[in-house]
Structure formats: C-alpha cells, structure tokens
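Have a look at the structure below, then the notes.
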Amino acid sequence: MGQEIIVKAVVTGGMGRMGQMFVRHLVDNPKTLVYGAVERPDHPHIGEDIGTLVLGRPIDAAIADDLLDVVIGANAVIDFTTPENSIACAKVCADRKIPYVCGTTGMDDAQKEKFLDIARETATMFAPNFSVGVNVLLGLARKAAFALGESFDIEIVEAHHRHKIDAPSGTALALAEAVRQGRGLSEDDYCFGRKGQVGERYEKEIGIHAVRGGDVVGEHEVHFLGDSEAVMLRHRASSREAFVRGAVRAAAWLQGKPAGLYTMADMLDL
Ligand code: NAD
C-alpha cells in the first residue's frame, strides 16, 4: 500500500534556483508531490513538463503562466519568487483558502503591509529564513539574552561567500532583534564593526560583524561574553536545501490550520 500524500504543492517560480530545489525535494519525498508549477508569462518553458526540465523525466505537471490554472485540488502553494508576484499569489490562496508558504524577500514596507493583509485570510507561513536550525537559534538567542542578563556582552558574527552583496546578513539582523528583545535594548545599541579609537565597550552594545570569503553558505554565531564564563551559540548552513526542508515542513504543518499568519516559531513551539 502506498504512503499517504500529505503535501500536494504548486510551486511558483518553479524554474528558479529555489523552485527547482523544491521540485526535486517534493518528488523525492514519498509523502509529498508537485501538483503544479507556475512561471512568469514570458518564461521560455511555459507549457513544458517541469519534471522533464528539472529531473529529466516527466511528472505530469506542465508549467502554467497563471496560478489560477493549476491551483484547484492542490493543498499548498510554495512561493519563492518576487514581491509583486507574491502579492498576487497571496490573493489567489486567500480567495480559495489554500495553505500558503511564502519565502520571498525584498518587499518594501507598503508591499509587506498589503501582502500580510491579504495573506492573513488563509493559513500562511511567511518567513525571511525557512531554515529550522536558524529559527531554533533565534529562539535560543532570545532566551539566552534574557536569562544571562546585562553582565554578559553580546557580539554577533556572521560569515558568507565572497559573492554576497549586502552586509550584515538579514539573519544577523534577525539575531540582533532577538537578543535586543531578550535584553530589552534598543536598535541604537547596535554597533556595526569597530575601527580606530572607539573607546571601551559599553554595557548595552550589541556588536555585529560580517566576514566574507570563499564559498561559505552561511554561518552565524552569537557570543555572550561574561566575566568568568562565556556562552556561544552557532549555526552553520551547508546548503540551501535547509530552506527547502523547512518550507515543506511548514506546508505540512499548515494543513487543517485556521486562516492566519503563522511563524516558524509557532511551528517549532519556541
Ligand atoms: P530566482 O531568481 O532563481 O527564482 C525566482 C523565480 O521566480 C524565477 O524562476 C522567476 O522566473 C520566477 N518568477 C518571477 N516572476 C514570476 C511570476 N510573476 N510568476 C511566476 N514566477 C515568477 O531566485 P531564488 O534564488 O530562487 O529566490 C527567490 C526568492 O526567494 C528571493 O526573494 C530570495 O531572496 C528568496 N529566498 C528566501 C529564502 C527563505 O528562507 N525565506 C531562502 C532562499 C531564497
């Protein structure tokens, strides 16, 4: 007897870097499948089977240019595309009450507000980082900052490959936010790198530092440095597959949930 299929997902941006990883992962897992795929209307492979393109064998899922054409019968939409497209996808999912997993980054404040207003009308998980490990790190960092208190200095160090164009990473900023909340500090306490006669470190400072080089996928460390002891929390990603696993787990977790916005912290019970 075959295994019960838990996630029947439409993958938007199916030919993108993340989209192709989702297709491979969903096909490889016996409890998930690719119900459909969508690409932008001017994509050269519209109408072709995404399995043939990504895996070298058909999976009976032709790439559509409109989510509406493939969404009926699916129980999840996994969307890692662009802000404009994600607002449109949220609307389709909200109208049809289909669980929606969105990892698109780069929304400005107005887009985010519009997106969240629409997305809350269905069961939605929206996360800037779908790695289960990073989200556990965020929860641990917040708790550690609270429990260790003001006698421990906090420094965050992140490392990424030489091609990354922004610094510090969004995840380092999320960690700063987590420890800031845990300690009751302000964003004015962030200290981005140090150079020259900067003076002694002050108690509330949260140091944030970026290392760049090689092919490092992503490393984040939070140092809590006390007078006679220190605590270090560290996460290392070795592949973008970590995001794929977290997002597919979210799609399964959303099944049967009432409409609303959920976070990875909700799913992980942090
Ligand atoms: P990519 O450019 O390789 O892929 C995006 C895909 O979306 C492309 O194939 C593109 O053709 C498609 N697309 C664009 N407009 C579309 C439309 N209107 N309809 C359907 N498809 C459309 O980018 P990527 O590296 O796969 O990343 C995609 C997004 O996911 C980015 O915003 C990235 O920052 C984000 N991301 C988030 C996480 C996370 O954990 N939240 C992890 C990795 C990437």
| Taking the Cα centre of each part, how many Å lie between segment 76-142 and segment 158-195? | 22
| query | Top mean-square fluctuation among Ala147, Ala172, Ala37, Gaussian network model of the chain, C-alpha springs under 10 Å? | reply | Ala147
| note | If amide H atoms are modeled at 1.01 Å from N in the peptide plane, then the residues at a separation of 5 or more from Val216, or on another chain, having amide H under 5 Å from its own are His161, Arg162
| field | Calculated from backbone phi, Karplus (6.51, -1.76, 1.60) coupling profile of segment 87-97 in Hz, x at Gly/Pro | value | 5, 5, 5, 4, 5, 4, 5, 5, 4, 9, 6
| task | Based on a Kirkwood Rh over C-alpha pairs, give the Stokes-Einstein translational diffusion coefficient of segment 132-237 at 10 °C and viscosity 1.306 mPa s in µm²/s. | result | 113
| field | Computed label-point distance, nm, for sites Ile46 and His163 using a 7 Å Cα→Cβ extension | value | 2.8
| remark: Taking Rh as the Kirkwood radius computed over alpha-carbon pairs of segment 73-144 and applying Stokes-Einstein at 37 °C with viscosity 0.692 mPa s, one gets a diffusion coefficient in µm² s⁻¹ of 255
| task | Before anything else, pin down the relative contact order of the chain: Cα pairs under 8 Å, at least 6 apart, normalised by residue count, whole percent. | result | 19
| Fewest-first sequence of Leu270, Leu254 by Cβ atoms within 10 Å of each Cβ | Leu270, Leu254
| query | Spin-label point model (7 Å from Cα, Cβ direction): what's the Arg96 to Ala110 distance in nm? | reply | 2.9
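Of Val10, Val27, how do they rank once you tally other Cβ atoms within 10 Å and put the fewest first?
Fewest-to-most ranking of Val10, Val27: Val27, Val10.
Counting Lys +1, Arg +1, Asp -1, Glu -1, what net charge surrounds Val7 among other residues with beta carbon under 11 Å of its beta carbon? All intermediate terms of the calculation are to be shown ahead of the outcome.
Numbers: positive: Lys8, Lys31, Arg249; negative: Glu4.
Cβ neighbours under 11 Å give a net charge of +2.
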| request: Work out how far the C-alpha atoms of the chain reach from end to end along every principal axis, then list the three figures in whole Å, largest first. | output: 63, 43, 40
| To the nearest 10 degrees, how steeply does helix 132-148 sit against the main Cα axis of the chain, on a 0 to 90 scale? | 30
| field | Helix 170-183 vs. the chain, principal-axis angle (Cα, 0 to 90°, nearest 10) | value | 50
| query | Based on Cα positions only, what radius of gyration and what Dmax would you give for segment 195-241, in angstroms? | reply | 14.4, 43
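For every helix of n ≥ 4 consecutive DSSP H residues, a contribution of -39,500 (n - 2.57) applies; sum these over the chain, divide by its total residues, and give [θ] at 222 nm rounded to the nearest 500 deg cm²/dmol. Intermediate values should be presented prior to the final figure.
On the way: 8 runs with 92 residues, N = 270.
My calculation for the chain gives -10500 deg cm²/dmol from helical runs alone.
How many Lys pairs in the chain lie less than 15 angstrom apart by Cα atoms, where the lysines are 8 or more positions apart or on different chains?
On the way: Lys8/Lys31; Lys8/Lys97; Lys91/Lys112; Lys91/Lys114; Lys97/Lys257.
Lysine pairs meeting both conditions in the chain amount to 5.
No value in this document is a laboratory result; all are computed from the given coordinates. A quick note: this is a predicted structure, and the numbers were derived from the prediction, not measured. Here Cβ is always computed from backbone atoms with ideal geometry, including for glycine, and neighbour counts include all displayed protein chains.
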